[in-house]
Each structure stands twice: as C-alpha cells, then as structure tokens.
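Presented below is the structure to which this report refers.
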Amino acid sequence: MRQSRKPGPSKPPKAQRNAGSPRKEPRPDKQTERPKASVAMVYDRPLTERRGEKPAERVPLILETGGPGAFQLIDSGNAQKLEQYGPYRIVRPEAQALWQPALPEHIWQNVDAIFTGDTDEDGMGRWRFPKGALGETWPMQLLGVDFHGRFTSFRHVGVFPEQLAHWSWMQETVRAANRPLKVLNLFGYTGVASLAAAAAGAQVTHVDASKKAIGWGRENQALARMDDAPIRWICDDAMKFILREERRGNTYDIILTDPPKFGRGPSGEVWQLFDHLPLMLDICRELLSPNAEGLVLTAYSIRASFYSIHELMREIMRGSGGVVESGELIIRESGADGRTPGRALSTSLFSRWVPK
C-alpha cells in the first residue's frame, strides 16, 4: 500500500500501505479476523536521550528530477500530470498541479493510459487504455537498472521517479567509498532502489511487509539480470525488523526509509507516522555504522513542513557531527520534446543526514 504523499500544501492521501511496505495495493482488512496488535507491546522501546551538539544544517535543499530519460514529466495542470514511462505516455491525477496545462489538449489526448475512477488517493480506480488494451507490466530502465513498470488499481506504476535524486546520490556514495557498503532499504516496495544500490556495488537488505511487493522485487531482480546480486529480501514489519537488528548489533552504512502515513504490518502491527517516526529514526541512528555515509528519510502526504522532520533528524543525530539537509523532492516538466524545462512539481518532503 503506498501512503499518501505531499510536500508542503495538503494533498489527498494515497492508498494506505502496510507498516513495512511503502507502496503497494492494500490487502483486505483483517481486523475482524484478528485483533490489532498493541502498538506499545510491539514497539516497546524508549527513546534514547541524545546529548551533544546538533549537526550543521543545510536548508532548504530542493532535489530535482527531470530531463531526458526513460521517465519524463511532460506537462501538468488541472490536477493532473502527463508522464512518459518507457514506451508509454500516461495521465494520472495530481493534486499539486494547481495551474493550467502548458501543452495543448490534443497532446494530452494522445496517450496510452489514463487513470480514472476515484480521485481520492484512498480509493481504488481503474486504467483506461485509449489505444488498445495493455498488459499489467512493461519494461523500464532507470540508473542502468531494468525493472517492470506496472499499472495498479491505486494509480501507482511500480516506481516513484522523484526518488531518483536520492538513488543517484546513493550510487555515487557507494562507488566513491572504496569499500563495500551495507545498505538497508526500509519500506522497500518493488525494489528499484535496492537494485540501484546493488548495481553500484552495495550489499543490500530490503525490507517490506508485503509479500506481493517482495515478489515484485524478485521479479525485477531477474529482469535486471542481477540474480547473483547481494540482496536479502525480507518480508517483515519494518519496526520489528530494526528492533531485532539493534539487539543483534548489526549496522549499516546507508539507511533509506520511506515510511507510510498509516499502515499495518503482516501480523496486524499498527503504524502511525507521527506516533512512531521518532522511535523509528532513533533506532536507525543506532543501526548506523561507525563510518556511516547517510540516513535518508522521505515523507509523503503529511500535514507538516519539511522543518518538522528536519528538526527531528537533527535531534536524533545529536553528537554525530555531519550535516542534516532537508527540503523537498521535485520533478521538472520536460515539455513535448522531452528537452524543454518547465514548471517544478513538488512531490514529497525529505531529510537526510550525511557525515560531511
């Protein structure tokens, strides 16, 4: 289940997802079959009292995705966006697109797929294919990694391209380290970030509570011809997993975490972003290796400024040195020719600690 996303202004929440799954179609509600797990019982660990100076800060930082490639945001407006994903041109709802489209209507009509139905991101809809029926998946490639795009009933397509800004940083960091880095990808969805990290030379642990998402990740691994890549695919509640890793004394050099606003784990564990985010980051701090290269948090569809998660990250990272840089991820329109920069579409908030 993918959580609703929003940087800055309010945006309708996206489909709920499991506590360990960043973006997936939701499963049937199991509350009538088993009781909710007690949050306190599942995540019973006090916050660490942090001392020392807060890290330096770099704000606001705007990380941009755009330009020629397998993905392009062609145009946006009237609460919709016109995108190119590999061979397909698609139209999806986009509440952040408050302006009028820049391109004429005939370009918007010449598309392969349009998401219709419930425009509330908590609701299901369907895809309409004006030029003829298409399969559920199609081949894509980003950052040199092959994977499947996918039409889902909650408007998502198997990848969130604004994250390319973080993934490019991660690949550059892994390649420049001159040592094998261990990467933990929490709420890992379909595994594109995990594959990008492994392609750069990292040892990856991918965690998601959805069996379906884990299956998609393994399919993408096979499509990318990376069957021998050092990736552990773990289907588990993200909080339970990191609590166990902390007890075991395991550490990671880079941690990516993209939690939902609300979700459930595979055993009914309840996740609430504002309730559990401080503890999640606190545990992640403990999982950073002595020579860690970064801790990245992305937050979608929350009623908060990026300064909220920025200050939380700085408090969690007290005494660690380094810099906390926070802001928004944006996607730049590329126009009908794919090469004409246009307006920036805001997609999410983020905060990232780096050692220097």
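The separation of the stretch 196-259 from the stretch 327-356, counted between C-alpha centres, amounts to 25 Å. Ordered by the count of other Cβ atoms within 10 Å of each Cβ, fewest first, THR116, THR340, THR173, THR257 give THR340, THR116, THR173, THR257. Peptide packing for 225-231, 249-255 was compared via the average number of neighbouring C-beta atoms within 10 Å per residue; ordered from the highest value, the list is 249-255, 225-231.
Ordering HIS106, HIS148 from the fewest to the most neighbouring beta carbons within 10 Å gives HIS106, HIS148. Can you tell which of HIS310, ILE255, MET239 lies farthest toward the positive end of the dipole of the chain, using +1 and -1 charges on the Cβ of basic and acidic side chains (Lys, Arg; Asp, Glu)? Toward the positive end, the furthest listed residue is MET239. Backbone amide hydrogens, once placed in the peptide plane, bring GLU293 within less than 5 Å of ILE254, excluding anything fewer than 5 places away on its chain. Relative to the Cα centre, the charge distribution of the stretch 50-147, modelled as +1 at Lys and Arg Cβ and -1 at Asp and Glu Cβ, gives a dipole magnitude of about 220 debye. Shape annotation for the chain: C-alpha extents along the principal axes are 59, 48, 42 Å, from largest to smallest. Once C-alpha pairs closer than 8 Å and six or more residues apart are averaged by separation and normalised to the residue number of the stretch 71-141, the relative contact order reads 24 percent. Beta-bridge orientation, the chain: approximately 55 percent antiparallel, per DSSP, counting only bridges with both partners inside. Taking amide H as placed 1.01 Å from N in the peptide plane, LYS81 has its amide H under 5 Å from the amide H of ARG92, GLU94, each at least 5 places away in sequence or on another chain. Structural descriptor for the chain: relative contact order 27 percent, calculated from alpha carbon pairs under 8 angstrom and at least 6 residues apart. Think of the chain as having a plus end and a minus end, set by charges on the Cβ of Lys, Arg, Asp and Glu; of PHE350, LEU329, ALA292, ALA292 sits farthest toward the positive end of this dipole. Cα extents for the stretch 71-141 along the principal axes, largest to smallest and rounded to whole angstrom: 32, 27, 23.
Sequentially through the stretch 323-328, phi angles give Karplus couplings (6.51, -1.76, 1.60; θ = phi - 60°) of 9, 9, 10, 9, x, 10 Hz, Gly and Pro residues having no value and appearing as x. Ranked for footprinting exposure by Cβ neighbours inside 10 Å, fewest first, LEU98, LEU297 give LEU98, LEU297. Sorting the segments 303-309, 51-57 by their mean number of nearby beta carbons within 10 angstrom, highest to lowest, gives 303-309, 51-57.
Bear in mind that the values in this text are calculations on the coordinates, not laboratory data. Keep in mind that this is a model prediction, so the values were computed, not measured. Cβ sites come from the backbone with ideal geometry, for glycine too, and all protein chains shown count toward neighbours.
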